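Written out below as structure tokens is the structure these notes cover.
The values are calculated or read from the model by the stated rules, or taken from the named source; none is laboratory data. Predicted model, so just to flag it, every value in this text is computed and none were measured. Ideal geometry is used to build each Cβ from the backbone, glycine not excepted, and the neighbour counts take in all protein chains shown.
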Amino acid sequence: MILLCYDGSEDAQAAVELTLSLFAGQPVTVLAVWEPYAEVISNEGWGLGFGYAPPPGDFEQIDDSVRSHAQGAVDDAVRRLTENGFTAEGRVESMRGSVAATVLAVGDELDAGAIVLGTRGRSGIKSLLLGSVSNAVLQHADRPVLVVPSEPVAAERRGRHR
């Protein structure tokens, strides 16, 4: 079974394409990990000089919207895979500690043969500040991990290496 991480980004779409070409006949679980809003504000803080936080009741609405968006993205990827003859199911998970930790936990739970995910193409200071889900998954996985750049990211990287 292949665990395909999907957030709807161009990089994640490239991961779907590669899964289609490399893993024919393998069942796929498409995973989206979403971060509850209370976690976002506790990680980011309200500093920044704005001093405004929405009322706690609004958190549920925000979480429902984020969860719904994640489910829609997963449904699109599952549809794409099944249209191409794959057995695929979707899964949307609330973040457990970090996105990478959640991906690894689901990979363990499903005993995935491989984890496939897109790279966000972060580089330089942004990567240092924000970290990288794909890097964290690579560093801590106990199973094969395939990280797939989108074509624009791959083209940019090819240009840097010439």
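If a residue has to be surrounded by 14 or more Cβ atoms within 10 Å (Cβ to Cβ) and under 29 Å from TYR37 (Cβ atoms) to count, how many in segment 75-87 make the cut?
Residues that pass the stated criteria total 5.
Kindly provide the set of residues from segment 63-94 that are hydroxyl-bearing (Ser, Thr, Tyr) and under 18 Å from LEU18 (Cβ atoms), ordered by number.
Step one: of segment 63-94, the residues hydroxyl-bearing (Ser, Thr, Tyr) are 65, 68, 82, 87, 94.
The answer is THR82, THR87.
Please go through segment 14-57 and give me each residue that is surrounded by fewer than 19 Cβ atoms within 10 Å (Cβ to Cβ), at pLDDT 90 or above and either polar (S, T, N, Q) or under 19 Å from GLY118 (Cα atoms) (or both), ordered by number.
Of everything in segment 14-57, those that are surrounded by fewer than 19 Cβ atoms within 10 Å (Cβ to Cβ), at pLDDT 90 or above and either polar (S, T, N, Q) or under 19 Å from GLY118 (Cα atoms) (or both) turn out to be GLU17, LEU18, LEU20, SER21, LEU22, ALA24, GLN26, PRO27.
Quick check on segment 103-133: of everything there that is assigned to a helix (DSSP H, G or I) and modelled with pLDDT of 90 or more, which residue is surrounded by the most Cβ atoms within 10 Å (Cβ to Cβ)?
Of everything passing the filter in segment 103-133, VAL103 is surrounded by the most Cβ atoms within 10 Å (Cβ to Cβ).
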